[in-house]
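Notes to accompany the following structure.
The values are calculated or read from the model by the stated rules, or taken from the named source; none is laboratory data. Computed from a prediction, not measured in an experiment: that's the story for all the values here. All Cβ positions, even for glycine, are placed from backbone atoms using ideal geometry, and neighbour counts span all protein chains on display.
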Amino acid sequence: MTVQDHEYVPGLAGIPAAESAISWIDGQVGILEYRGHRIEVLAERSNFEEVCWLLLHGALPTASELSGFRERIAAHRALSGEVVDAIRAFPPDGHPMAAIQAGLAALGMASPEVDLSDDASCDDAVVRILAATPSIIATFERSRQGLEVLPPDPALGRAANFLWMLTGTKPDELEAHVLDVALVLHADHTMNASTFTARVVASTEADPYSVCAAACGSLKGPLHGGANERVLQQLEAIGDADAVPGWTESQIAGKRKIMGFGHRVYKTKDPRSKILQDLATRLFERLGTTKIYDTALALEQIMLERLGDKGIHPNVDFFSGIVYSKMGIPTDMFTPIFAISRVAGWLAHWREQMQDNRIFRPRQVFGGSHGAEFLDIADR
Ligand code: ACO
């Protein structure tokens with residue numbers, strides 16, 4: 001079959017869009033690896049900054065590489081006055097994902113121009129974007145609440161510093177650990193919609209600020225990263241565990257999607273969701289259970305009975321929102337947290353795309369007509 005003969009495949013399902021060595025999934029068994037390392041091992045023994053290095057450089061960092069990387073990131077966390085002013089001017093009722101998207105564009109405008117042929121220049125942009133993304137969200141959150149924008153604390157890791165800049169309270173060890181693991185779990189996931197977006201924009205030789213801003217727009221959608229917010233809204237709407245069976249039946253009968261379930265690739269339980277569920281259990285044991293958590297467990301059970309044989313299982317978004325809400329994080333901040341992690345994957349894909357770049361230019365299957373007659377406006 002030649003390329004011309006290929007039929008249109010909605011969603012490009014199963015069509016390779018790039019050759020990549022960054023992450024790997026076995027959706028039947030439920031395995032996720034970053035650069036050959038199993039996600040369970042990274043969640044238990046690594047941390048987010050180490051994982052960023054792994055994704056970007058292909059191997060785990062040495063102790064001195066890691067400490068140098070951390071120092072460089074910490075040094076770039078504070079946003080310039082121009083970027084803070086731009087974020088303060090954003091409409092406070094807008095979605096924080098739009099704020100990151102616009103914030104990353106503003107960051108690019110305020111940063112040195114990236115020379116794609118110079119490794120040091122590309123590396124500098126990577127560090128700036130990794131460092132600034134959590135600060136952009138925290139600045140937007142504080143500003144929309146009318147609160148003082150807090151300076152970063154260089155002594156804290158990425159997760160703890162983000163919680164500090166967001167809430168003004170230094171998190172305890174368990175909370176910082178839970179968020180750090182959540183960041184590890186969300187850092188990359190092969191050729192999903194936002195990563196594909198990132199690679200398409202990268203292929204035009206646009207700068208990495210534009211690459212990540214565009215990918216944020218893609219991540220925002222409820223069928224992708226935006227699902228974690230919808231999961232919590234859905235659990236709140238259900239009310240309590242007793243209402244789960246009736247609610248689930250009516251959703252299925254009405255052919256409505258149940259948020260936090262199903263995946264294009266996983267046909268078993270998402271390995272990230274298992275890890276998050278364990279963390280949720282620890283967090284809820286420590287801080288006390290909630291109606292939302294009990295409702296979630298009941299929903300998981302009934303979904304297994306009703307749609308498990310169709311390969312519909314909880315995905316990463318099912319437990320992430322529950323965990324973040326227990327930590328007091330506002331619901332519309334869930335997808336932004338996904339973004340402060342996934343930016344690592346987008347940047348790794350940007351670097352990989354640039355190694356052997358060709359601009360994306362797929363074909364379309366034309367479904368229109370030819371020979372249309374142009375009528376003057378008065379005659380239409
Ligand atoms: N609730 C109810 N039914 C579902 C769900 C769901 N969440 N997911 C899939 N199904 C149904 C489909 O409608 C389809 O039914 P059919 O055979 O009667 O046509 C069948 O199960 C098989 O669907 P798939 O082909 O496995 O799903 P697809 O690959 O088209 O979609 C998607 C995947 C978009 C993630 C879908 O499962 C969904 O919309 N889930 C809810 C939103 C969600 O949680 N998104 C987060 C994904 S993870 C992430 O992006 C980080």
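Need a quick list: helices (runs of 4 or more DSSP H) entirely within region 115-226 having at least 1 residues that are within 16 Å of the ligand (Cβ to nearest atom) and within 13 Å of the chain's Cα centre (by Cα). Please lay out each step first, then the result.
Working: elements: 119-144, 158-167, 173-186, 193-203, 208-219.
Of the helices (runs of 4 or more DSSP H) lying wholly inside region 115-226, those with at least 1 residues that are within 16 Å of the ligand (Cβ to nearest atom) and within 13 Å of the chain's Cα centre (by Cα) span 173-186, 193-203, 208-219.
State yes or no: is VAL343 at pLDDT 95 or above, part of a helix (DSSP H, G or I), within 15 Å of the ligand (Cβ to nearest atom) and among the hydrophobic types (A, V, I, L, M, F, W, C)? Steps first, please.
Values: at pLDDT 95 or above: yes; part of a helix (DSSP H, G or I): yes; within 15 Å of the ligand (Cβ to nearest atom): yes; among the hydrophobic types (A, V, I, L, M, F, W, C): yes.
Yes.
For the list (1) buried (at least 22 other Cβ atoms within 10 Å of the Cβ); (2) without any contact (Cβ under 8 Å) to a residue 40 or more places away in the chain, I need the number of the one condition that GLU373 fails.
(1)
Here are some residues: LYS267, LYS291, LYS255. Which one is exposed (fewer than 14 other Cβ atoms within 10 Å of the Cβ), outside the structural domain of GLU40 (by TED's automatic domain parsing), over 17 Å from the mean Cα position of the chain (by Cα) and within 8 Å of the ligand (Cβ to nearest atom)?
Just a single option satisfies the conditions, and that option is LYS255.
Of ASP332, ASP317, ASP309, which residue is among the acidic types (Asp, Glu) and free of Cβ contacts under 8 Å to residues at least 60 places away in the same chain?
On the way: ASP332 fails: free of Cβ contacts under 8 Å to residues at least 60 places away in the same chain; ASP317 fails: free of Cβ contacts under 8 Å to residues at least 60 places away in the same chain.
Going through ASP332, ASP317, ASP309 in turn, just one is among the acidic types (Asp, Glu) and free of Cβ contacts under 8 Å to residues at least 60 places away in the same chain: ASP309.
The conditions are (1) at pLDDT 90 or above; (2) in contact with a Leu (Cβ under 7 Å, 6 or more places away or on another chain); (3) loosely packed, with under 15 Cβ neighbours inside 10 Å, and ARG286 fails exactly one of them. Which is it?
Of everything listed in (1) at pLDDT 90 or above; (2) in contact with a Leu (Cβ under 7 Å, 6 or more places away or on another chain); (3) loosely packed, with under 15 Cβ neighbours inside 10 Å, ARG286 misses just condition (1).
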